[in-house]
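Report on the structure given below.
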Amino acid sequence: MPVPAGVTLLDLRPEPLRAAQPLGALLPHHRLVTLSLDEIEDARHGLTPADGPLLVLCERGVRSQLAARFLRADGLNAESYPGGLPALLRELPR
C-alpha cells in the first residue's frame with residue numbers, strides 16, 4: 001500500500017529502531033510524529049483532528065493496529081499500515 005499524500009505518520013517503534021531506520025529519511029514529504037503505545041492508550045498523545053489523517057507504523061503492524069483503534073476511539077481518523085515497516089520498505093522505490 002503506498003503512503004497517501006497528506007497523512008501524518010505516527011512512528012511507534014522504540015528509539016533504537018527509529019534511529020537505525022528513520023522514517024523521515026524514507027518519507028521526507030510527510031509530517032512525522034513519534035509516540036509510544038502507552039501515550040496513545042492513555043490519551044496523552046496530544047493529537048487532534050487538525051493533524052489530519054493519521055497513518056500508524058510499528059515494526060510488524062500489530063501494535064499499530066491497536067494504536068489506530070485507540071486513536072479512532074479518541075475521535076481521530078487513524079489507520080494502521082498493514083505489515084509495519086517491512087511492508088512499507090517493499091513499497092518504496094529503490
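The values are calculated or read from the model by the stated rules, or taken from the named source; none is laboratory data. Here the structure is a predicted model, which means the values were calculated and not measured. Please note: Cβ atoms are built from the backbone with ideal geometry, for glycine as well, and neighbour counts cover all protein chains shown.
Contact map, the range 13-37: first residue touching a residue at least 40 places away in the same chain (Cβ under 8 Å), second residue exposed (fewer than 12 other Cβ atoms within 10 Å of the Cβ), Cβ cut-off under 7 Å, separation 6 or more or different chains; pairs are Leu26/Leu92. Counting the residues of the range 8-34 that are within 16 Å of Gly61 (Cβ to Cβ) and at pLDDT 90 or above gives 6.
Taking the conditions exactly as written (surrounded by 10 or more Cβ atoms within 10 Å (Cβ to Cβ) and in a loop (DSSP other than H, G, I, E, B)), does Arg13 satisfy them or not? Taking the combined requirement at face value, the residue satisfies it. Inspect all residues belonging to the range 26-34 and state whether any of them is surrounded by 11 or more Cβ atoms within 10 Å (Cβ to Cβ) and among the hydroxyl-bearing types (Ser, Thr, Tyr). Checked against the condition, which is being surrounded by 11 or more Cβ atoms within 10 Å (Cβ to Cβ) and among the hydroxyl-bearing types (Ser, Thr, Tyr), the range 26-34 yields at least one hit.
Table: residues versus (1) in a loop (DSSP other than H, G, I, E, B); (2) out of contact with any strand residue (DSSP E or B) (no Cβ under 9 Å at 6 or more places or on another chain).
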| site | (1), (2) |
| --- | --- |
| Val3 | yes, no |
| Ala25 | no, yes |
| Val56 | no, no |
| Ala67 | no, no |
| Leu76 | yes, no |
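Would you check which residues across the range 31-53 are among the aliphatic types (A, V, I, L, M) and under 16 Å from Leu85 (Cβ atoms) and list them? Steps first, answer last, please.
As a first pass, look at the range 31-53 and keep what is among the aliphatic types (A, V, I, L, M): 32-33, 35, 37, 40, 43, 47, 50.
Leu32, Val33, Leu35, Leu37 - these are the residues of the range 31-53 that are among the aliphatic types (A, V, I, L, M) and under 16 Å from Leu85 (Cβ atoms).
Taken as a whole, the condition of being of a type outside the set (D, E, K, R), loosely packed, with under 14 Cβ neighbours inside 10 Å and in contact (Cβ under 8 Å) with a residue 40 or more places away in the chain does not apply to Leu55.
Remark: pairs (first residue in the range 62-88, free of Cβ contacts under 8 Å to residues at least 40 places away in the same chain; second residue assigned to a helix (DSSP H, G or I) and among the small types (Gly, Ala, Ser); Cβ separation under 6 Å; 6+ apart in sequence or on different chains) = Glu79/Ala68; Ser80/Ser64; Ser80/Ala68.
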